[in-house]
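Novice: Please read through the structure below; I'll follow up with questions.
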Amino acid sequence: MILRQITEKLQATIAQVPAVVLLGARQVGKTTLAKTIAKSIDSIYLDLEAPEDVLKLSDPSSFLSAHADKLIILDEIQKIPDLFPVLRGLIDKNRERGRRSGQFLLLGSASMDLMRQSSESLAGRISYLEMSGLSMVEVDDHQQERQTLWMRGGFPDSYLAAHDDLAMDWLENLIRTYLERDIPQMGFRVPAARLRRLWTMLAHLQGETVNYSKLASNLEVDAKTVTHYIDILTDLLLVRRLEPWHANAKKRLVKSPRFYVRDSGILHRLLGINAYDALLSNPVLGKSWEGFVIENIHSILPGRAETYFYRTAAGAEIDLVIKMPSSEVWAIEIKYGVAPKIGKHYSKTSDDVGAVHRYILYGGEDEFPVGNDINVISLSGLMSRLLLGKQ
């Protein structure tokens with residue numbers, strides 16, 4: 001369902017603007033989606049990691065101008081950031097000739113340089129979409145399949161592996177590719193072993209605020225360097241920074257962000273959790289579920305939705321606060337068990353954020369009210385509600 005929706009949205013956006021950027025982690029399926037769309041549009045595909053395609057762009061203006069009547073798909077665009085000014089010139093020329101949409105589809109696995117370069121060079125000419133991994137609504141509605149998705153994460157090759165060991169091997173290779181190839185190629189001089197240690201520390205701190213000074217001491221660097229390293233992982237779409245709710249000035253609120261390793265499979269591989277039974281007995285179980293839920297929810301939210309967590313200095317909290325483009329607020333507390341305990345402050349904290357939808361998301365299948373307009377609901381049930389809200 002989600003793949004169909006993003007395919008339709010991508011096609012519609014291509015028809016409206018000159019350039020579209022499809023963002024997503026490496027191996028999440030961007031290229032497959034782009035090639036599917038290319039079958040229905042006169043297009044040309046260039047992989048900027050392939051030397052033969054890079055060679056074609058030795059004179060990019062001439063080559064791209066020669067194919068100005070086609071949709072040009074540029075994969076891993078962040079590899080050649082110098083292309084952005086060229087694209088701007090071609091878009092402006094085509095606009096003078098009456099063509100205002102469907103010129104470039106840019107695929108990237110890093111938001112940092114890609115977003116900065118494109119924002120500066122293509123302001124007013126570009127739109128952005130993010131593609132996540134597989135989500136709960138895209139797998140068979142069976143407990144085993146949902147457990148497999150949680151254990152192995154949303155990368156298609158990991159989820160579809162013949163067994164957990166092969167999935168973990170695939171995830172390990174992906175982690176090493178990021179650390180040993182992708183990050184150095186982007187110009188960051190970060191020792192791979194040190195960055196992996198930090199990534200693993202964040203996995204142990206899944207869903208928590210972090211003490212930068214403590215992390216820095218453990219890594220034998222300064223706090224500024226730790227912040228830089230976390231920014232790299234965040235901008236590569238590998239770690240999610242969830243900001244605290246800040247609208248209630250009368251409360252003493254936690255002001256530091258929480259961090260989540262975005263893919264549950266990568267989280268488990270970093271922690272050495274190689275099977276579902278091992279996950280069930282690991283202390284990270286609850287926070288792993290929390291991160292899995294948050295990523296699934298993000299995969300279906302409208303582009304202008306904003307997400308936060310809410311926590312007061314006294315400890316009252318809401319795991320996920322969603323502010324929809326309409327300014328409607330959803331408050332979601334996330335529990336793993338099938339008999340969730342409702343915190344005594346939940347109703348009050350929901351009032352604090354102005355929530356009109358209040359849910360306790362749990363590990364069971366049923367949906368039922370628990371008073372004060374609060375409903376207990378499953379992940380698939382909540383995602384269905386959110387999808388209906390978008391229509």
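The values are calculated or read from the model by the stated rules, or taken from the named source; none is laboratory data. All figures in this text were calculated on a predicted structure; none of them were measured in a lab. Note: ideal-geometry Cβ built from the backbone for every residue, glycine included; neighbour counts use all protein chains shown.
Novice: Can you confirm whether Y308 is aromatic (F, W, Y), more than 19 Å from Y362 (Cβ to Cβ) and crowded, with 17+ Cβ neighbours inside 10 Å?
Specialist: Values: aromatic (F, W, Y): yes; more than 19 Å from Y362 (Cβ to Cβ): yes; crowded, with 17+ Cβ neighbours inside 10 Å: yes.
Criteria met by Y308.
To keep it simple, each residue is scored yes or no on (1) within 30 Å of V226 (Cα to Cα); (2) in the same structural domain as S58 (by TED's automatic domain parsing); (3) β-branched (V, I, T).
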position: I77; (1), (2), (3): yes, yes, yes
position: G89; (1), (2), (3): no, yes, no
position: N94; (1), (2), (3): no, yes, no
position: R116; (1), (2), (3): yes, yes, no
position: S119; (1), (2), (3): yes, yes, no
position: W150; (1), (2), (3): yes, no, no
position: H163; (1), (2), (3): no, no, no
position: E180; (1), (2), (3): yes, no, no
position: G187; (1), (2), (3): yes, no, no
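Novice: Write out, first by first residue and then by second, each pair whose Cβ atoms fall under 7 Å of each other, whose residues are 6+ apart or on separate chains, and whose first residue, in the stretch 194-217, is free of Cβ contacts under 8 Å to residues at least 24 places away in the same chain while the second is small (G, A, S) and surrounded by fewer than 16 Cβ atoms within 10 Å (Cβ to Cβ).
Specialist: Listed pairs, sorted by first residue: Y212/A223; S213/A223; A216/A223.
Novice: Could you tell me which numbered condition L33 fails, if it satisfies all but one of (1) more than 26 Å from A123 (Cβ to Cβ); (2) aliphatic (A, V, I, L, M); (3) surrounded by 18 or more Cβ atoms within 10 Å (Cβ to Cβ)?
Specialist: Condition (1) is where L33 drops out.
Novice: Okay, next question. Would you mind listing the helices (runs of 4 or more DSSP H) fully within the stretch 203-280 where at least 1 residues are in the same structural domain as D164 (by TED's automatic domain parsing), buried (at least 20 other Cβ atoms within 10 Å of the Cβ) and under 18 Å from the mean Cα position of the chain (by Cα)?
Specialist: Counting at least 1 such residues, we get 223-235, 264-270.
Novice: In the stretch 281-299, how many residues are among the hydroxyl-bearing types (S, T, Y) and part of a loop (DSSP other than H, G, I, E, B)?
Specialist: Result for the stretch 281-299: 2.
Every residue, every condition in (1) acidic (D, E); (2) within 29 Å of L87 (Cα to Cα), yes or no:
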{"residue": "I126", "(1), (2)": "no, yes"}
{"residue": "E130", "(1), (2)": "yes, yes"}
{"residue": "G133", "(1), (2)": "no, yes"}
{"residue": "H142", "(1), (2)": "no, no"}
{"residue": "G153", "(1), (2)": "no, no"}
{"residue": "S158", "(1), (2)": "no, no"}
{"residue": "D169", "(1), (2)": "yes, no"}
{"residue": "Y178", "(1), (2)": "no, yes"}
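Novice: In the stretch 159-193, what residues are of a type outside the set (D, E, K, R) and assigned to a loop (DSSP other than H, G, I, E, B)?
Specialist: Scanning the stretch 159-193 gives L160, A161, A162, H163, M186, G187, F188, V190, P191.
Novice: Six or more apart or on different chains, Cβ under 6 Å: which pairs go from a residue in the stretch 66-92 that's touching a residue at least 40 places away in the same chain (Cβ under 8 Å) to one that's assigned to a loop (DSSP other than H, G, I, E, B) and hydroxyl-bearing (S, T, Y)? Could you list them?
Specialist: Hits for this filter: zero, empty list.
Novice: Another question, then. Could you please find all residues in the stretch 359-386 being over 24 Å from the mean Cα position of the chain (by Cα) and either farther than 23 Å from S299 by Cα or part of a strand (DSSP E or B) (or both)?
Specialist: Passing the criteria: F368, P369, V370, G371, N372, D373, I374, N375, V376.
Novice: Separate question: Do we find that P302 is of a type outside the set (A, V, I, L, M, F, W, C) and within 26 Å of F259 (Cβ to Cβ) in this structure?
Specialist: yes
Novice: Looking at the stretch 22-38, can you tell me whether even one residue there is of a type outside the set (G, A, S) and over 30 Å from N173 (Cβ atoms)?
Specialist: For the stretch 22-38, residues of a type outside the set (G, A, S) and over 30 Å from N173 (Cβ atoms): absent.
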